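Okay, structure first, notes after.
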Amino acid sequence: MNTSNLIVTLVLIILVSACKNDLSMNPPVAEKKPKELTIHGDTRVDNYYWLRERDNPEVIAYLESENAYREAMMKETEELQENLYEEIVGRIKQTDESVPYRKNGYYYYTRYEEGKEYPIYCRKKESMESEEEIMLDVNEMAKGYAYYAAVGLSVSPDNRYLSFGVDTISRRKYTIHIKDLETGKILDDEIAVTTGGSTWANDNKTIFYTRKDEQTLRSKAIYTHSLGNSSGDDLLVYNEDDETFSTYVYKTKSEKYIVIGSSSTLTNEYRVVSADHPDREFRVIQPRTRGLEYSVSHFGDHFYIVTNLDAKNFRLMKTPVNRTTKDNWIEVIPHREDVMLEGIELFSNYMVIDERKDGLSQLRIIHMKDGSEHYMEFWEEVYTAGISYNPEFDTDLLRFSYTSLTTPYSTFDYNMVSREKELLKQQEVLGDFEPENYEARRIYATASDGAKVPVSLVYRKGLELNGKNPAMIYGYGSYGATMDPRFSSVRLSLLDRGFVYAIAHIRGGQIYGREWYEDGKLLNKINTFTDFNSCAEALINEGYTNPDRLYAMGGSAGGLLMGAVINLRPELYNGVIAAVPFVDVVTTMLDETIPLTTSEYDEWGNPNEKDYYEYMLSYSPYDQVEQKDYPNLLVTTGLHDSQVQYWEPAKWVARLRDMKTDDNLLLLYCNMDTGHGGASGRFERYRETAMEYAFIFMLEGIKE
């Protein structure tokens, strides 16, 4: 390290120490080191580009100083944070287990033990009365690690071997391990830099897995590994050369085919091989055609294809297994303008269709032989229902999930013959929670172009619409992801203190089908942001709250949303929480070495094209920071974030500090041990939630 760097680092270290002891300390100031970035003849000056240097001691010291400043500014809430953490965790049943599912002669389930952070993965042979086999006790595996994630558990067809992926950094680069479930030993086989999951061929010795690019983390190639061999001898089966695509592998529910998928935002391609003959050559179902999306399931002599071929909201086709190109596809369920076909589940006698109509999920049951059909009936105005894991073909029972803003997560079996539902398990909420104490409803905001945007609300009954209630509005609005109304026991800490909680179902999501998504992406992205502000205005205009008591929250692409809405309408919000926010849109999308960049050109646009560059620049939160007042802000990130690099929120906060004209709080919290998803433990993650809620309560003057 040179002398100047050493001096700066020492100054920042002193600042960290001072901040922890002096509440009157001025906030950290990041040094300006101007860097010119030029494209399309346009030159931008980025004063904080240097914060990308992850291994630079100055950067680490700066992040630590921000952490110390946040800690100092929230010192008065430390007891509140601890109380909130205990309150949130106190609602969770610590000794608990999932509903078992049956597959290949075993019942599989996950259980938790009191006081432990991680799951225990178990199974029992033939009956739930049999002796328990512990496949993985992640609590034991995680000892000594600040972060530990075990994912992608997959059992071989003969039930002997378990493959699973491990990440101890939170960078989502998993090492695959294989355990002999008969001996309990972990084999020497180790495969690094993967997605964590693997798919067994029917020979019980070959696994297919996805390897990531070391730098960009793009899921790049499919390999096969044979038990007992070195990973250096693994065979490349498929390499995805197009940097806008990612690849993955799975086995059909029928266990007949190994499927390799390649996907970009707008296009899919699949190839298959017999699971009995994994060494044979894969054959393509339908060659990729830009804009053609499809997915593949197998039953009997046909592949079933959910596709947008001449169908914006998708339709269902089938094709013989030996004639799979689109000219052979036969329509099973036609396209409908008012219904989005989201997925299917196949059984020996029934087919279940997951649909969305009028912003609500529907489950449609069709008899495979006679074509008779019916819809499952649900019992609330605003709810979320979906197909759960159903690994068996030969059953008339459909397992599905149900939840709402007032109904805890519930697992049912539905008899498709008798049409009877059996509740197998409902999330237990400890304490004095009673669903009837809360009310959920849906209102509609009018967007700037006249579109009606749904807003799902929940609050304690007896609420007065006097405009004096504190409220939290949440949104996402990207990738076609619909933020369905679901129950949260954590959220009760807001509701029981008089908050209204709102979910803004803005464009860029898919609650009203594909058009709703397309109206909030690429050159229509501004609709996402103006929709959210319209939803905030609706809460104010209808008497739920006022700008002095309205708070907004979003994470990742929802963090981009937060940055954009406060650039447009900062006066609407008293406080905003932006979690792992994607706020440096243009610079990130111009850097092909960063994870997710090339694969998301069809979501945001390719800024190497001038029209997209100028449009993205017009809303990029980092680039559009102005000299004006902003709401109180809490911004969170993780040093090892693989999805949104830590420097985006760090740079954004630095620029806001330099330019904003108010005295409102601006706090940055960087978790130095984690990435995009936060802490890995079952309970530890709620410490950050408690901090976020304490930030809002501090602004509200809530001290208990």
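Screening the candidates GLU113, GLU131, GLU82 for the property of being surrounded by fewer than 16 Cβ atoms within 10 Å (Cβ to Cβ), of a type outside the set (Phe, Trp, Tyr) and under 30 Å from GLY701 (Cα atoms) yields one hit, GLU82. I'd like to know if segment 593-612 contains one or more residues that are more than 30 Å from ILE696 (Cα to Cα), at pLDDT 95 or above, in contact with a Pro (Cβ under 7 Å, 6 or more places away or on another chain) and not assigned by TED's automatic domain parsing to the domain that holds ASP531. Looking through segment 593-612, none of the residues is more than 30 Å from ILE696 (Cα to Cα), at pLDDT 95 or above, in contact with a Pro (Cβ under 7 Å, 6 or more places away or on another chain) and not assigned by TED's automatic domain parsing to the domain that holds ASP531.
If you go through segment 453-461 one residue at a time, do you hit one that is at pLDDT 95 or above and part of a loop (DSSP other than H, G, I, E, B)? Yes; the residues of segment 453-461 include at least one that is at pLDDT 95 or above and part of a loop (DSSP other than H, G, I, E, B).
With surrounded by fewer than 20 Cβ atoms within 10 Å (Cβ to Cβ) and either of a type in the set (D, E, K, R) or part of a strand (DSSP E or B) (or both) as the only criterion, which of ILE443, ILE503 stands out? That would be ILE443, the only listed residue that is surrounded by fewer than 20 Cβ atoms within 10 Å (Cβ to Cβ) and either of a type in the set (D, E, K, R) or part of a strand (DSSP E or B) (or both). Report whether or not LEU550 is at pLDDT 95 or above, closer than 16 Å to ILE503 by Cα and out of contact with any Ser or Thr (no Cβ under 6 Å at 6 or more places or on another chain). Yes: the conditions hold for LEU550. For segment 252-278, how many residues meet the condition of being touching a Leu at 6+ places or on another chain (Cβ under 9 Å) and more than 28 Å from TYR350 (Cα to Cα)? Of the residues in that region, 2 qualify.
Screening THR661, THR674 for residues that are at negative phi, among the hydroxyl-bearing types (Ser, Thr, Tyr) and within 27 Å of the chain's Cα centre (by Cα) leaves exactly one candidate, THR674. When each of TYR250, TYR209 is tested for being surrounded by 19 or more Cβ atoms within 10 Å (Cβ to Cβ), of a type outside the set (D, E, K, R) and out of contact with any Lys or Arg (no Cβ under 7 Å at 6 or more places or on another chain), the lone residue that passes is TYR209. For segment 40-79, name all the residues that are buried (at least 16 other Cβ atoms within 10 Å of the Cβ), more than 17 Å from LEU668 (Cα to Cα) and in contact with a helix residue (DSSP H, G or I) (Cβ under 6 Å, 6 or more places away or on another chain). PRO57, the sole residue that qualifies.
The residues in segment 315-330 that are out of contact with any helix residue (DSSP H, G or I) (no Cβ under 6 Å at 6 or more places or on another chain) and surrounded by 14 or more Cβ atoms within 10 Å (Cβ to Cβ) can be counted, and the count is 9.
In segment 192-206, the residue that is nearest to ALA275 (Cα to Cα) out of those that are of a type in the set (A, V, I, L, M, F, W, C) and buried (at least 22 other Cβ atoms within 10 Å of the Cβ) is ALA201. Kindly indicate the residue of segment 18-33 that is surrounded by fewer than 13 Cβ atoms within 10 Å (Cβ to Cβ) and closer than 23 Å to THR637 by Cβ and also modelled with the lowest pLDDT among those meeting that condition. My answer is ASN26.
Please indicate, with yes or no, whether at least one residue in segment 163-183 is exposed (fewer than 15 other Cβ atoms within 10 Å of the Cβ) and of a type in the set (A, V, I, L, M). The answer is no, given that none of the residues of segment 163-183 is exposed (fewer than 15 other Cβ atoms within 10 Å of the Cβ) and of a type in the set (A, V, I, L, M).
Being under 24 Å from ASP484 (Cβ atoms), among the basic types (Lys, Arg) and touching a helix residue (DSSP H, G or I) at 6+ places or on another chain (Cβ under 8 Å): is that true of LYS312 here? Answer is yes for this residue. I need every pair where a residue in segment 312-340 that is assigned by TED's automatic domain parsing to the domain that holds ILE366 and modelled with pLDDT under 95 has its Cβ under 6 Å from the Cβ of a residue that is surrounded by 15 or more Cβ atoms within 10 Å (Cβ to Cβ) and of a type outside the set (Phe, Trp, Tyr), sequence separation at least 6 or different chains. Matching pairs, first to second residue: none at all. Kindly indicate whether ARG364 is among the charged types (D, E, K, R), at pLDDT 95 or above, touching a His at 6+ places or on another chain (Cβ under 9 Å) and within 23 Å of GLY480 (Cβ to Cβ). Criteria met by ARG364. Within segment 637-668, the set of residues being under 23 Å from LYS33 (Cα atoms), touching a residue at least 40 places away in the same chain (Cβ under 8 Å) and among the charged types (D, E, K, R) comprises GLU648, LYS651, ARG655, ARG657, ASP658.
The condition of being over 24 Å from the mean Cα position of the chain (by Cα) and among the aromatic types (Phe, Trp, Tyr) holds for TYR375. If you go through segment 476-493 one residue at a time, do you hit one that is assigned to a strand (DSSP E or B), buried (at least 24 other Cβ atoms within 10 Å of the Cβ) and not assigned by TED's automatic domain parsing to the domain that holds TYR409? No, segment 476-493 contains no residue that is assigned to a strand (DSSP E or B), buried (at least 24 other Cβ atoms within 10 Å of the Cβ) and not assigned by TED's automatic domain parsing to the domain that holds TYR409.
The values are calculated or read from the model by the stated rules, or taken from the named source; none is laboratory data. No experiment lies behind these values; they were computed from the predicted model shown. Cβ coordinates were reconstructed from backbone atoms using ideal geometry, including for glycine residues, and neighbour counts include every protein chain displayed.
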